[in-house]
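Participant: First, the structure itself, so that you have it in front of you.
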Amino acid sequence: MASSSSLFRCFLHFFFFFFFFFFIISQVQAANLPFHPRDVLPLLPRQVSWPVLNSLNSPVDLLPSFVGSVSSSNRIVNWKGACFYENTAWVEFHNKTGSEFGGGTLHIKVSYPHSWTCMDLYVFATPYRVTWDYYFLSREHTLEIKEWQDKAEYEYVKNRGISIFLMQAGMLGTLQALWDVFPLFTNTGWGENSNIGFLEKHMGATFEERPQPWFTNISVDDVHSGDFLAISKIRGRWGGFETLEKWVSGAYAGHSAVCLKDSEGKLWIGESGHENEKGEDIIAIVPWDEWWDFELNKDDSNPHIAYLPLHPDVRAKFNETAAWEYALSMAGKPYGYHNMIFSWIDTIGGNYPPPLDAHLVASVMTVWSKIQPEYAANMWNEALNKRLGTQGLNLSDILVETEKRGSSFDELLTIPEQDNWIYSDGKSTSCIAFVLELYKEAGLFDPIADSIQVTEFTIKDAYSLKFFESDSSRLPKWCNDADDVKLPYCQIKGKYRMELPGYNSMEPYAHMNERCPSMPPKYFRPQNC
């Protein structure tokens, strides 16, 4: 398995090429035309343009917005664009090539631009292809598809249509959004500030600076098996990834690990997502001294770490032998990419911060399947096959099979993950699923363990469990000893004070977290969802 860093590099290279190409075209075609001030803001000096653009655009504007699907049944779609205020699309089926299934022409009529220099960017997708186009002239445009790939694509477009996505920020707004999202993944002070700014803006998070020292001298004698570690990274590739994960899930931490003590009293850390010497993210059981030294001195993501000790009554239930057996059985297995996204998506419409939706998820999967098919199989194809009860279907086949069954892709995504599903590389657990599956094996979810699927839990769901210490007088003496604000848990590293809204507040219940919405910025959830 290639390292996760290569996935991010490929992703960023694709977007940089994509938008740089658009940028060059726009500069040539917009020359000598009357303009709208907003269209040229990114070309002005940074001190002039950036304050204005930052109020107009954000990294979220990189996401295309679904405007509709055109098919033989849904004949005409109308919408308002970023540049053109009146837009209409329809599809015409034909057989100009004399092929078995023919082809089609997508007609798009655009009119009433807000300026002469603006331009609308679009992505068009079916399960079998993704393409794009841009429009800056008021007239009818066409996108030719000479031949449908096969009968399945023809039937899909006929019944479900071609999906149309608008880059809602427009040409240069999209470039500005790209400029804003790039630093989220950079290992710089600029990147750290960008991640903090994103979380403050989109989640309402606060970052209050703690007094120094920004780490705690921990006595391992006070640490017990089952104690939880909530970790938040705010710079570098994992910092950027965690920022987006926090935004969609409502979690104020992006990674997790669990403490384990052996029969000799030595402390170990169990972690899914530990990078080995090959750059692979695996499940590992690491000595505490090695793990803590890395976090203090070598982890360049600026990790903020909270230690959440179990409540004494919960610790009394914790079966240490069973926990160790499970941890050792999983050691060395790959990180749980198979079920990483499915703990977040529980409902058809209540888990997608705008402009995200199931259509966009399907299209991103389609694009990624073309660029990196091996990652597509690893990250969602197997999991989607599990939900259909099929084997070996690629993404296109999965989408068509879902339609044949009278269902939809957004419904398919909401089917709960099952803890006992076995993938091609064994059981699959993300960082939090690994910790909670260990809790499950250790008896903490008894007597309702059979009705709990921990792979449906986000990190927020985990630290909200009523498993942790509720009496601050029982916290270790070194807990928050240098901080004038006494948290209900122990922050052991980090410049900024960690927030964990909803901490230690929910008793487990059957089918917990299988149908919960998670919409920012409040992330309200109904009772017993």
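Participant: Going by a ≥ b ≥ c, the root eigenvalues of the Cα gyration tensor, does region 92-155 fall in the rounded group (a/c under 1.5), the prolate group (a/b larger than b/c) or the oblate group?
Facilitator: In terms of gyration-tensor shape, prolate.
Participant: Quick one: which of K333/K466; K266/K493; K201/K233 span more than 24 angstrom between C-alpha atoms?
Facilitator: Long pairs (Cα-Cα over 24 Å): K333/K466.
Participant: While we're on this one: For a quick check of your reading of the filter: which GluC sites (Glu not before Pro) in region 254-337 sit in a DSSP loop and have no more than 16 other Cβ atoms within 10 Å?
Facilitator: E264, E277, E280
Participant: Can I ask one more? Please identify the trypsin sites (Lys or Arg not before Pro) of region 425-493 that satisfy two criteria: DSSP loop assignment and at most 13 other Cβ atoms within 10 Å. Which are they?
Facilitator: Hits after loop and neighbour filter: K466, K477, K486.
Participant: Let me make sure I get this right: for region 408-529, a, b and c are the square roots of the gyration tensor eigenvalues over alpha carbons, sorted descending. Under 1.5 in a/c it's rounded, otherwise prolate if a/b > b/c, else oblate. Which is it?
Facilitator: Here region 408-529 falls in the prolate category.
Participant: Multiply the residue gap between A331 and E208 by 0.36 nm, knock off their C-alpha separation, and tell me the result in nm, one decimal place.
Facilitator: 40.6 nm
Participant: Something else: Regarding region 61-136, what's the average projected area of the Cα-atom convex hull, expressed in nm²?
Facilitator: That works out to 6.1 nm², a quarter of the Cα hull's surface.
Participant: K109: which lysines have alpha carbons under 30 Å from its alpha carbon, excluding same-chain residues fewer than 8 sequence positions away?
Facilitator: K80, K96, K146, K151, K158, K370
Participant: Lys and Arg at +1, Asp and Glu at -1: add these up for the other residues within a Cβ distance under 14 Å of D133 and post the number.
Facilitator: Once all neighbours under 14 Å are counted, the net charge is 0.
Participant: Hey, for a label at E507 modelled as a point 7 Å past Cα toward Cβ, could you say which residues of region 426-449 have their backbone N under 13 Å away?
Facilitator: 447-448
Participant: Using a Förster distance of 35 Å, how high is the FRET efficiency between K278 and N217, based on the Cβ-Cβ distance and rounded to 0.05?
Facilitator: Between K278 and N217 the formula returns 0.55.
Participant: Sticking with this structure for a sec: What distance in nm lies between label points placed 7 Å from Cα along the C-beta direction at T105 and E144?
Facilitator: 0.9 nm
Participant: Still on this structure: Please give the Cα centre distance for region 418-477 versus region 490-529, rounded to the nearest Å.
Facilitator: Here the answer is 13 Å between Cα centres.
Participant: Moving on to the next point. Quickly work out the N95-to-Y134 label distance, labels modelled 7 Å from Cα along the C-beta direction, and quote it in nm with one decimal.
Facilitator: Using points 7 Å along Cα→Cβ, the separation is 3.8 nm.
Participant: Between K151 and H114, what's the calculated FRET efficiency when r is the beta-carbon distance and R0 is 45 Å? Round to 0.05.
Facilitator: That pair, K151 with H114, gives E of 0.60.
Participant: Right, next: Report the net charge of residues surrounding T188, where surrounding means a beta-carbon distance below 13 angstrom and charges are Lys +1, Arg +1, Asp -1, Glu -1.
Facilitator: After counting each charged neighbour, the total is 0.
Participant: Which of the three applies to region 400-454, rounded, prolate or oblate, going by the alpha-carbon gyration tensor with a ≥ b ≥ c and a/c under 1.5 meaning rounded?
Facilitator: Since a/c reaches 1.5 and a/b is larger than b/c, the shape of region 400-454 is classed as prolate.
Participant: Same structure again: Trypsin sites (Lys or Arg not before Pro), restricted to region 277-354: which are DSSP loop and have at most 16 other Cβ atoms within 10 Å?
Facilitator: Counting only loop positions with at most 16 other Cβ atoms within 10 Å, the trypsin sites (Lys or Arg not before Pro) in region 277-354 are K278, K298.
Participant: What FRET efficiency comes out for K158 versus S470 if R0 is 60 angstrom and r is the Cβ-Cβ distance? Round to the nearest 0.05.
Facilitator: The value I calculate is 0.55.
Read-outs throughout are calculated quantities, based only on the coordinates presented, and are distinct from any laboratory measurement. Since we're looking at a predicted model, the values are computed, not measured. In this analysis, Cβ positions are derived from the backbone assuming ideal geometry, glycine residues included, and neighbour counts consider all displayed protein chains.
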